[in-house]
Amino acid sequence: MLDEAILSLVTPENAAIHAAALDTKDIDALIPRLDSSEDKIRYPAFLLLRARSAIASDVYPFLDMLVEKLTSENSYQRSIGAMLLAENARHDTAGRMQDSLPQFLRLLSDIKPITVRQTAQALPEILHAKPELADVVGRALMAVDLLRYKDTMRKLILVDFLEALLLVREIHPTPDLEEYFFSVLSGSILDEKAKKQFQSKLSFPK
């Protein structure tokens, strides 16, 4: 049975090992720990549940709770909801992910840049599991006004967006996507090094 001593040992590097040993009672005990205001409790619980979601479906029954977190007043909870929801898209055989997608995608314009980034970074999990959502995801990413964020964050957010959009392009290429890529690679948000990296991935002429 999990206790705080075991949780204190969980790190991003070993979470998968600990997650493989979890049982139903452990999942039930971890879920409420996500609401803790203490990072030493909340963070390892999140790591374990995310790692568990990659190998088993026993976190999926809590999907409604994860969806509720998307609209939490607490940005940590919004991020947790987004990342765990995306990780569980692979277990969604009932189409519930599509119903919650609008709330999920709204976080791409969240007031907190870190939540925006974590949401964007989680998108590949959804796209791999639900490729039929690629067009909706792509349009949501392209619609975000990056100028609402500080200069120091715009490049980081855009890089995350572009990585997700590259996957969208593989699944569902559209002229709008090509125009977006051309626009951002011609713009001033990315530095020259980043532009060259993405030009290479896109096979655009330098």
Quiz prompt | Among Ser53, Leu146, Ile17 - extreme Cα towards positive end, dipole of the chain, charges at beta-carbon | solution = Leu146
Practice problem: Would you please give the FRET efficiency between His128 and Ala5, computed as 1/(1 + (r/R0)^6) with r the Cβ-Cβ distance and R0 = 30 Å, to the nearest 0.05? | Solution: 0.25
Quiz item: Considering only DSSP states other than H, G, I, E and B, which trypsin sites (Lys or Arg not before Pro) in segment 107-158 qualify as loop sites with at most 16 other Cβ atoms within 10 Å?
Solution: Lys150
Quiz item: With labels modelled as points extended 7 Å from the Cα through the Cβ direction, what inter-label distance (nm, one decimal) is found for Asp39 paired with Glu179?
Solution: 4.3
Quiz item: Taking neighbour Cβ counts within 10 Å as the exposure measure, how do Val67, Val168 sort from fewest upward?
Solution: Val67, Val168
Self-check item: Span per principal axis, largest first, for the Cα atoms of segment 101-202 (Å)
Solution: 33, 30, 19
Quiz item: Of Ala134, Ala122, Ile157, whose Cα points farthest to the positive end of the dipole of segment 119-170 (charges on the beta-carbon: +1 Lys, Arg; -1 Asp, Glu; origin at the Cα centre)?
Solution: Ile157
Quiz item: Given C-alpha coordinates of segment 52-126, what is the ratio Rg to Rh with the Kirkwood estimate of Rh?
Solution: 0.94
Quiz item: Leu156 to Ile55: extension gain in nm, 0.36 nm per residue of separation minus the Cα-Cα distance?
Solution: 33.4 nm
Self-check item: Set of lysines with alpha-carbon distance to Lys193 below 21 Å, sequence-local pairs under 8 removed
Solution: Lys150, Lys155, Lys201, Lys206
Practice problem: Calculate the length of the line joining the C-alpha centroid of segment 21-74 to that of segment 163-186, in whole Å. | Solution: 33
Practice problem: Lys and Arg at +1, Asp and Glu at -1: add these up for the other residues within a Cβ distance under 12 Å of Thr24 and post the number. | Solution: -2
Quiz item: In debye to the nearest 20, how big a dipole does segment 101-202 give about its Cα centre with +1 on each Lys and Arg Cβ and -1 on each Asp and Glu Cβ?
Solution: 360
Quiz prompt | Dipole magnitude (debye, nearest 20) for the chain, charges at Cβ of Lys, Arg, Asp, Glu | solution = 700
Quiz item: For the chain, what class follows from the C-alpha gyration tensor (a ≥ b ≥ c being the square roots of its eigenvalues): rounded when a/c is under 1.5, otherwise prolate if a/b is larger than b/c, else oblate?
Solution: prolate
Quiz prompt | Under DSSP loop assignment and at most 10 Cβ neighbours within 10 Å, longest GluC sites (Glu not before Pro)-free interval of the chain | solution = 74-206
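Read the figures in this text as sums done on the coordinates, not as results from a lab. As the structure is a computational prediction, the values presented were derived from the model and not from experiment. Note: ideal-geometry Cβ built from the backbone for every residue, glycine included; neighbour counts use all protein chains shown.
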